[in-house]
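Reviewing the structure listed below.
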Amino acid sequence: MNWKIKKADHDCSFDYFLIFTDYLKNAPSSYDRWKLVNRTIIEGNVCLKKNELARLLSEEIRKYVERIIENSPKVQLPPLLHGKIERINQILNQRRESIGFQEYPKVTLTAAFPPCVKRLYDSLLIGRHISHIGRFTLTSFFLNLGMSIEELLKLYNSASDFDEKLTRYQIEHIAGKKGSGTKYTPPKCDTLKTHGVCIGPDDLCKTINHPLSYYRRKIKLIKDLESVNND
Ligand code: SF4
């Protein structure tokens, strides 16, 4: 990447120095702590902790990988495989309809979010980095609740450093408006546990195996409680 990085001296409270032009390429400057004006700069070099440099590098690597993917020739799937994928998509769509994932209230109830989604949502709002599977989970969760692509884009853009073009592409892909046309649902709890996204499961989590099932059940519990209180 040809970045100009220097290791800091032992008696310095920072770990690395990065020339400010490289810093500006990836710093999420919508956050105060990343704004150049709030950084310590010595002779044109921005002073960074190790984890901050890693954050900037991960962004650069992400862009690099995306460039490679964008410029690669499109691979034609063998007809046999193509047919099987179509069949799997059909089965998935039928199951999704039979489970009734679309039946949610018009207004999103944050109080009914499962702990994993609540945690991802909070991370998004405070600008903490969210892993790829975390972003996929959050986006597919909101889309299945009925949030529009524009609303989601607004949420991501106001609260994070995500690249707008890329974010739109990812949301449209998960919504089934791009690529295979499949509208995705969040991964099951087992998968989220494997990837470390399942954080702080509560008692209700023991009765379900999918974050959307949690949401449906929690809404029912909240409504039941409301009707008891109104009686
Ligand atoms: S058990 Fe499932 S719904 Fe509950 S926090 Fe873990 S992944 Fe989320």
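Look through S213, S140 and report the one residue that is within 16 Å of the chain's Cα centre (by Cα), among the hydroxyl-bearing types (S, T, Y), within 16 Å of the ligand (Cβ to nearest atom) and assigned by TED's automatic domain parsing to the domain that holds Q90.
Values: S213 fails: within 16 Å of the chain's Cα centre (by Cα).
Residue meeting the stated conditions: S140.
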*Find all pairs meeting these conditions: Cβ atoms under 8 angstrom apart; at least six residues apart or on different chains; first residue within segment 42-65 and over 18 Å from M1 (Cα atoms); second residue hydroxyl-bearing (S, T, Y) and exposed (fewer than 13 other Cβ atoms within 10 Å of the Cβ).*
C47/T40
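Only residues that are free of Cβ contacts under 8 Å to residues at least 24 places away in the same chain and either hydrophobic (A, V, I, L, M, F, W, C) or assigned to a loop (DSSP other than H, G, I, E, B) (or both): list them for segment 209-220, please.
Initial filter on segment 209-220 (free of Cβ contacts under 8 Å to residues at least 24 places away in the same chain): 209, 213, 217, 220.
Across segment 209-220, the qualifying residue is only N209.
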*Which residues, counting only those in segment 26-39, are under 17 Å from K4 (Cβ atoms) and loosely packed, with under 13 Cβ neighbours inside 10 Å?*
L36
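Across segment 177-198, which residue is nearest to the ligand (Cβ to nearest atom) among those that are assigned to a helix (DSSP H, G or I) and over 12 Å from I133 (Cα atoms)?
In the first step, residues of segment 177-198 are kept if they are assigned to a helix (DSSP H, G or I); the result is 189-194.
Keeping just the survivors that are over 12 Å from I133 (Cα atoms) gives 189-190.
Working: C189: 3, D190: 8 Å.
Checked segment 177-198; the qualifying residue nearest to the ligand (Cβ to nearest atom) is C189.
Scan segment 114-132 for residues that are in contact (Cβ under 8 Å) with a residue 40 or more places away in the chain and either within 27 Å of D32 (Cβ to Cβ) or in contact with a Gly (Cβ under 9 Å, 6 or more places away or on another chain) (or both) and jot them down. Walk me through it before giving the result.
Taking segment 114-132 and keeping what is in contact (Cβ under 8 Å) with a residue 40 or more places away in the chain, we get 114-117, 119-120, 127, 129, 131.
Listed by number, the residues that qualify are P115, C116, V117, R119, L120, G127, H129, S131.
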*Please enumerate the residues belonging to segment 1-19 that are surrounded by 17 or more Cβ atoms within 10 Å (Cβ to Cβ) and among the aromatic types (F, W, Y).*
F14, Y16, F17
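The values are calculated or read from the model by the stated rules, or taken from the named source; none is laboratory data. Just so it is clear, the structure is predicted and the values come from calculations on it, not from any experiment. Counting neighbours? That spans all protein chains shown, and the Cβs are built from the backbone with ideal geometry, glycine included.
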